[in-house]
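J.: Supplied in structure tokens, the structure appears directly below.
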Amino acid sequence: MSTLQSLAHFKTEIILLIGAFITLFSDSPKGSRFLAGTAALLTLTLAGVAAFTEASQQSLQLFGGFFTLDGATRFFRFGMILAAAASVLLGMTRGAIALSFFAESTALMLFLTFGLIVLCASGHFLTLLLAVEMVSLLSYLMTGFSPQNTRAREAALKYLLLGSFCSAFMLYGISLLFGLTGSLDFDSVRAAVQDGGQRTAAAASLLFILTGAGFKLSLFPFHFWAPDVYEAAPSPVAAYLTVAPKAAACAILIRLFSEVFPSMQTFGAEVLQTLCILTLLAASLLALAQTRVRRLIAYSSMAQAGYLLMGLSLFSREGLQAAFFYLAAYGAANLGVFAALTALSQRGTQDHLEDLTGAAWRNPFAAGCLTVFLLSLAGLPPLAGFLGKFWIFAAALKEGEVFLVVTAALTSMIGIFYYFKILRTLYFSDPLIALCAAPTPLPLRILLILLASAVTAAGLFPSWLLRAAESALR
Amino acid sequence: MVTLLLHPLSPAAFPLAAAALNFIFGKQLKAKTAWISSAASLMSFAVSIFLLTRTAAHGVMQGSIIWLEAGNFKITSGFLLDPLSASFLAVVSLVGMLIQIYAAGSMKDDPEFTRFYSTLSLFMAAMTALIAADGLLLFFMAWEIMGLCSFLLIGFWFQKEAAAKAAHKAFLATRLGDLCLLLGLLMLSSSLGTLQFTALSEKAAALGASAWLSAAALLIFAGAAGKSAQFPFHIWLPDAMEGPTPVSALIHAATMVAAGIYLLIRTFPVLALDARVLSVIAAVGTFTAVLTALLALRSQEIKKTLAFSTLSQLGMMAACIGFSNPGAAFFHLVTHAFFKALLFMGAGNVLHACGTQNLGRLGGLGRPMKLTSGAFLVGSLALAGLPPLSGFWSKEGILAAAHGYSPFYFGALLLTSFLTALYSARLYLQIFEGSASRSADAETARECPKSMTIPLLTLGVLAAAAGIPGSPWMGYFFQTFIGISPHGDPASYAVLAGSLIACALGLAGAWLSAGPWRGLGLKETAGAGRFLEKAGMELPNSAARLFASGLKTAGRAAACTDRLLLDGAVMLPGVLLQLAAAGFRKIQSGFILHYLLAAFAAVIGLLAAGMNF
Amino acid sequence: MTPVPESHYLIFSLILFSAGIFGALTRRNALGVLIALELMLNAVALNFVIFSRTAPEGSASGQVSAFFIIALAAAGAAAGLAIVLAVYRSRKSIQTDDTNLLKW
């Protein structure tokens, strides 16, 4: 489809771009978050509406094959917009992010959303490359956006260096693939890989590309940036970064293995499953010893990415569907955790577990929501996380991956240890200072209620989400 | 509206609403939360009676909704109301209602009154949902919620460290069982394609025995063993007595621990496919029964004795399922619910009146506490199996099943009956008979308020009479009504004689040991008794730690028994994992160089591994 | 005059890439690491150009990609320098050993 025709289907993304520019310039001189925040939310609402009311339902190849608009893109697109809206709401809370950077940070977040959507929809390695770099650069910059915050800047530096390193490997892999097949768009590459006999070289380039994906998904041992970044970045940024890039990485993995390397799925499955087991074990062990809350959540996100990968690496219909469901549940729960932690925080991002002592008595609403989110992440019924885990385990058992399931079940049990550690601190400790009952600001309240209800509803009545996940499989 | 109220799931909806009300409006309602919870249970009971009669008249009721559907992947969930679930519903809601009324009196002065009742109502909701579930999915979800409520209620007085630790231990032990259950469930669903109870028997018969199904069956049994505290998961139940007495009565005697047995009854078609699975169940159940009966003899606290007794009775029920007679197991479950709840409430009364449950400091309470002692006597005798009380009939059913299965198990269960009679009668005698001057506490004891004695007396009547519908005097009406298994060998004389003799011997032994032969042989058997406790309680605790930490326990089991029991089972696996974690976390060194090196090493490693492709 | 065999170019770009890796892993200065990363990206661009020789006629994918890589490298450098500058302002040092606040 030619460029002009494609633009007609590109409404959502164009809205995002225009809105991002407007937000960038809507920095209010008085220093309130209202203007920029509203602009961003308005953009996201319009984009969401545009995405939802998408006319055609079949797969489209836009811009000459560079952008694939199919069920998966639509699913991820909608999810990214929702996640971005949640992060913007979170950012509008006083204390979540520095006032002076709010407008730019929000604008960057909108650009990031755009980049992520393009990443999910890429049909050509050039798009993939550019989108990955766009997402990465924006992430590095947004992490460091904090006045006087040494830790955030240090985290941004680490993110940048490690990220560029892994990206360079990924680019090298793409260049090797180009050399092997002589073209860069997914279809031609697939054809060439399937016919050609150079399996080793193709496998090598696949492994290099997986390095980049593994970095984004914070798999072991590419994960070292994740705890630092999620701990030190401002809350809304960290919340978004925990959810959206992982989702995009999942999307890109699915696209790679279904459109480019379908002949190498068994090989890819082995690699991914090995990484998955390593990630699960490492994340669980690392989380156990943590006393800093944000870092613990970072390691928990790493473990969640492991479970996601478990579903993805099966490459079966049930596995992918379960992974999509799990992704949505994990996204909502993780965003909620960050929101609730912001409500309960005393020292900003440097909260230790002791700072949450008796928080349930200080702010029962936020603590209750945090309980819901943590229990969903831990995988307890009747919440969405339980169903997600159940289906991933079921899909894995169906494929006969018993070892994987046993490991995942074990780490899941370890997970309960550290999630309950937080819960126990919240509830079962006498409140040391019960008098500082800080009320939760309104945008945060709305966000918390929406996310908590989403998580519970998805757990009790999952059919709507399952249908969405199924439609994402084209 | 009326049909909605009488829907089979409404016995679960009423307590759920009560729980929500109590949670939200607890501060305003204060003491009235007890009324709300009890009223909800009363309504559940009324509806369950109605449903019971309807089932008796019209047969099985079923209904389900498509819970989720994605392509050809469909899961339905709903209710199954057959005579089994209808009668269990009635029993549970009745006992629950009585205990909630009881708790209004016994927990009157507790500042956390409202939290107690909201959690208790949530538990009732989960339990009734579990009973009415038509498939393993809803069953499992309710099962998990019950585990959560149990944790919250055992650790109700969480400021007491012992209670918090006990709650932890209970949660972890049952969680391990839950994991096994989940795995078994998944395996079952993957091979049978369904999780509905009614479909299980046909599909299982069609598929025939296989290693996969047997493994699934064993895992399901592991899950049931976790919840119903069979060996080696039994370590959590005695410690769970740290919770308030109504909690022990409801959850750890009558309902939640019975849920495991209920699971086994419902999944019996799958379990029965492989005779080896059944033999495992029979062996574990019998072993638990005998071991914990012996441990009950040694216990010096009322509630701990009753806890061991519960373990022993549950073992008998599990064994009975192993003997392929789930109907007899269910009958015993019902009668046990009545008399065990009664006994716990009696213990609560004693605790309330004297402030202690140490048997060494009690005695002669029969005079000041006539009502309690009378009811407790009925309960003890029912537990001992004296005819014509309910315990006799149900126990006889189990013994008959054992007799038909193997003489060895029959002998073992006879031994258990003897021990049961021994410790239950002795318990009664030590508390309520004898000279009152054994302790100062007993002198000031008075009878408890009506809210605590009326439920006791009601249960006393039930404990006495509830066995009649299952006895030959009414032609085994109960078993036919439930209709799930052979109606037992109408007792052969060997069984009848055996059970009567065991009961009589036990009662006589108790009377003698409390009177003329007091203290006889105590020193000689002390060593054996201590060994028993080590084998029965500490070894499973150690094995649990071994499982979690991979340590060698041989050298450590002898020394520091107490600290290990408290600290070890809960803390040690956690502590060891923490140690490993503390060491491992150093890899996150903070140096960018290390990060880059690790990533590079990973790439090289992946390449090296992948190049074999 | 025989054309330079393609493998020579490839080995050269591989050497460049490895030099970049070596630099990234051994430099203690954040700017040094950045430069090494730039080197790696340049090796990638070179790869694209090399392979464009053997690509089908009329396809300019390789050369276009090389341009894009160069632009990307520039953008990455800009972002990297901005962050390094910010770190310097906070810590008065850009030695990677010193940026050690976040650990464990």
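A short reminder: the numbers here are calculations on the coordinates, not readings from a lab. Quick caveat, the model's predicted, so the values are computed rather than measured. Positions of Cβ are generated from backbone atoms using ideal geometry, with glycine treated the same way; all protein chains shown enter the neighbour counts.
J.: How much space per residue, in cubic angstrom, does the convex hull of the C-alpha atoms of the range B:385-436 take up?
T.: Per residue, the Cα convex hull of the range B:385-436 comes to 62 Å³.
J.: At 1.002 mPa s and 20 °C, plugging the Kirkwood radius over alpha-carbon pairs of the range B:67-161 into Stokes-Einstein gives what diffusion coefficient in µm²/s?
T.: 142
J.: Report the percentage of all Cα-Cα pairs in chain A whose separation exceeds 44 Å, rounded to a whole percent.
T.: Taking all Cα-Cα pairs of chain A, the fraction more than 44 Å apart is 8 percent.
J.: Over all residues in C:38-45, what is the mean tally of Cβ atoms on other chains that come within 10 Å of each residue's Cβ?
T.: Neighbouring Cβ atoms belonging to other protein chains average 4 per residue here.
J.: Further question: For B:T356 and B:I49 in one chain, what is 0.36 nm times their gap in residues minus the Cα-Cα distance, to one decimal in nm?
T.: Gain on extension, B:T356 to B:I49, equals 106.7 nm.
J.: Follow-up. Between the helical axis of A:125-143 and the dominant principal axis of chain A, each derived from Cα atoms, what acute angle in degrees is found, rounded to the nearest 10?
T.: 20
J.: Taking the Cβ-Cβ separation of C:L14 and A:A98 as r and a Förster radius of 41 Å, what is the calculated FRET efficiency to the nearest 0.05?
T.: 0.35
J.: Run the reach check for B:K340 against lysines, Cα to Cα strictly under 29 Å, same-chain hits fewer than 8 apart removed. What comes back?
T.: Within the straight-line cut-off, B:K340 pairs with B:K32, B:K108, B:K160, B:K165, B:K169, B:K227, B:K303, B:K304, B:K370, B:K395, B:K450, B:K534.
J.: By per-residue mean of other Cβ atoms within 10 Å, what is the highest-first order of B:202-212, A:258-268?
T.: Ranked from most to least packed, the peptides come out as A:258-268, B:202-212.
J.: With each pseudo-label sitting 7 Å past Cα toward Cβ, what's the A:T456-A:L42 distance in nm, one decimal?
T.: For the pair A:T456/A:L42, the computed spacing is 3.4 nm.
J.: Give me the angle, in degrees from 0 to 90, between the Cα long axis of helix A:364-378 and the longest principal axis of the Cα atoms of chain A, rounded to the nearest 10.
T.: Around 30 degrees separate the two axes.
J.: Enumerate the amide H contacts of A:L60 below 5 Å, restricted to partners 5 or more residues apart or on another chain; note that Pro and chain-start residues carry no placed amide H.
T.: Here the answer is A:L69, A:D70, since their amide H atoms fall under 5 Å of that of A:L60.
J.: Let me ask another. Sort A:I174, B:I101, A:I18 by Cβ crowding within 10 Å, fewest neighbours at the top. Provide the component values of the computation, followed by the final result.
T.: Values: A:I174 26, B:I101 22, A:I18 14.
Fewest-to-most Cβ neighbours within 10 Å comes out as A:I18, B:I101, A:I174.
J.: Using +1 on the beta carbon of Lys and Arg, -1 on that of Asp and Glu, and nothing else charged, what's the dipole of chain A about the Cα centre, debye to 20?
T.: 740
J.: Going by average Cβ neighbours within 10 Å, how do the peptides A:398-405, B:278-285 rank, with the highest at the top? Before the final figure, lay out each step's value.
T.: On the way: A:398-405: 16.0, B:278-285: 21.1.
Ranked from most to least packed, the peptides come out as B:278-285, A:398-405.
J.: Describe numerically, in nm with one decimal, the distance between label points set 7 Å from Cα along Cα→Cβ at A:T274 and at B:A609.
T.: Placing both labels 7 Å along Cα→Cβ, they lie 0.3 nm apart.
J.: Where does chain C land on Rg(C-alpha)/(2.2 N^0.38 Å)?
T.: After normalising by residue count via 2.2 N^0.38 Å, the value is 1.37.
J.: So how strong a dipole does chain B carry about its Cα centre when Lys and Arg Cβ are +1 and Asp and Glu Cβ are -1, to the nearest 20 debye?
T.: With only Lys, Arg, Asp and Glu charged at Cβ, the dipole is about 980 debye.
J.: When the dipole is taken about the Cα centre of the protein assembly as shown, and only Lys, Arg (+1) and Asp, Glu (-1) are charged at their Cβ, what size is it in debye, to the nearest 20?
T.: 2140
J.: I'd like the distance between the alpha-carbon centres of the range C:39-99 and the range A:359-394, rounded to an integer number of Å.
T.: 42
J.: Between C:G20, C:G58, C:G76, find the one with the highest GNM mean-square fluctuation for chain C; connect C-alpha pairs within less than 10 Å.
T.: C:G58
J.: If Lys and Arg each add +1 and Asp and Glu each add -1, what is the summed charge of the other residues whose beta carbon sits under 14 Å from the beta carbon of A:T279?
T.: +2
J.: Using only Cα atoms, what is the ratio of the radius of gyration of the range A:263-474 to 2.2 N^0.38 Å?
T.: 1.05
J.: In whole Å, largest first, what are the principal axis extents of the Cα atoms in the range B:237-288?
T.: Its Cα atoms span 41, 22, 10 Å along the three principal axes.
J.: Can I ask one more? In what order do C:E38, A:E231 fall by count of nearby beta-carbon atoms within 10 Å, going from fewest to most?
T.: Details: C:E38 19, A:E231 23.
Lowest count first: C:E38, A:E231.
J.: Still on this model: Rounded to the nearest 0.05, what FRET efficiency do A:V406 and B:S190 give with R0 = 25 Å and r taken as the Cβ-Cβ distance? Could you check?
T.: 0.95
J.: Here is a follow-up. Considering the alpha-carbon set of the protein assembly as shown alone, what are its Rg and its Dmax in angstrom?
T.: 33.3, 121
J.: While we're looking at this one, here's another question. Run through all the Cα pairs of the range A:313-430 and give the fraction in each 10 Å bin from 0, expressed as whole percent.
T.: Going out from 0 Å in 10 Å bins, the range A:313-430 shows 14, 39, 27, 15, 4 percent.
J.: Additional query: How shielded is A:457-463 by partner chains, expressed as the average number of their Cβ atoms within 10 Å of its Cβ atoms?
T.: Averaged over the peptide's residues, the number is 2.
J.: Let me ask something additional. Using the alpha-carbon centroid of each, what span in Å lies between the range B:124-190 and the range B:375-407?
T.: First find each Cα centre; the distance between them is then 29 Å.
J.: Let me ask you something else. So what is the calculated 222 nm ellipticity per residue for the protein assembly as shown, using -39500 (n - 2.57) for each DSSP H run with n of 4 or more, over all residues, to the nearest 500 deg cm²/dmol?
T.: One gets -24000 deg cm²/dmol as the mean residue ellipticity at 222 nm.
J.: Another question, if that's okay. Please rank B:R54, A:R77, fewest neighbouring Cβ atoms within 10 Å first, as an exposure proxy. Numbers along the way, then the final one.
T.: Working: B:R54 15, A:R77 27.
By the 10 Å Cβ count, ascending: B:R54, A:R77.
J.: Taking chain A as the reference, fit the longest principal axis to its C-alpha atoms, fit the long axis of helix A:150-181 to the helix C-alpha atoms, and give the angle between the two in degrees, 0 to 90, nearest 10.
T.: Rounded to the nearest ten degrees, it is 10.
J.: Please find the FRET efficiency linking C:I35 to A:F21, where r is the Cβ-Cβ separation and R0 is fixed at 41 Å, and quote it to the nearest 0.05.
T.: 0.80
J.: Lysines near A:K246 by alpha-carbon distance under 30 Å, same-chain residues fewer than 8 away left out - which ones?
T.: Here the lysines satisfying the reach criterion relative to A:K246 are A:K11, A:K158, A:K216, A:K389, A:K398, A:K421, B:K74, B:K586, C:K103.
J.: Label chain B by shape, choosing from rounded, prolate and oblate, from the square roots a ≥ b ≥ c of the eigenvalues of the Cα gyration tensor; if a/c is under 1.5 it is rounded, and otherwise prolate applies when a/b is larger than b/c, oblate when it is not.
T.: Judged from the Cα gyration tensor, chain B comes out rounded (a/c under 1.5).
J.: Ranked from highest to lowest mean number of other Cβ atoms within 10 Å per residue, what is the order of the peptides B:323-336, A:449-462? Working shown, then result.
T.: Numbers: B:323-336: 27.1, A:449-462: 19.2.
Ranked from most to least packed, the peptides come out as B:323-336, A:449-462.
J.: Sort the range B:288-447 into rounded, prolate or oblate with this rule: let a ≥ b ≥ c be the square roots of the eigenvalues of the Cα gyration tensor; rounded if a/c is under 1.5, and if a/c is not under 1.5, prolate when a/b is larger than b/c, oblate otherwise.
T.: prolate
J.: Counting only other chains, what is the mean number of Cβ atoms within 10 angstrom of the Cβ of each residue in peptide A:287-293?
T.: 4
J.: Please report, in whole Å³, the volume per residue of the convex hull around the C-alpha atoms of the range B:190-241.
T.: 92
J.: Does a label point 7 Å from the Cα of B:F584, set along Cα-to-beta-carbon, have any residues of the range A:285-308 with amide nitrogen under 16 Å, and which are they?
T.: Counting only backbone N, you get A:285-291, A:296-307.
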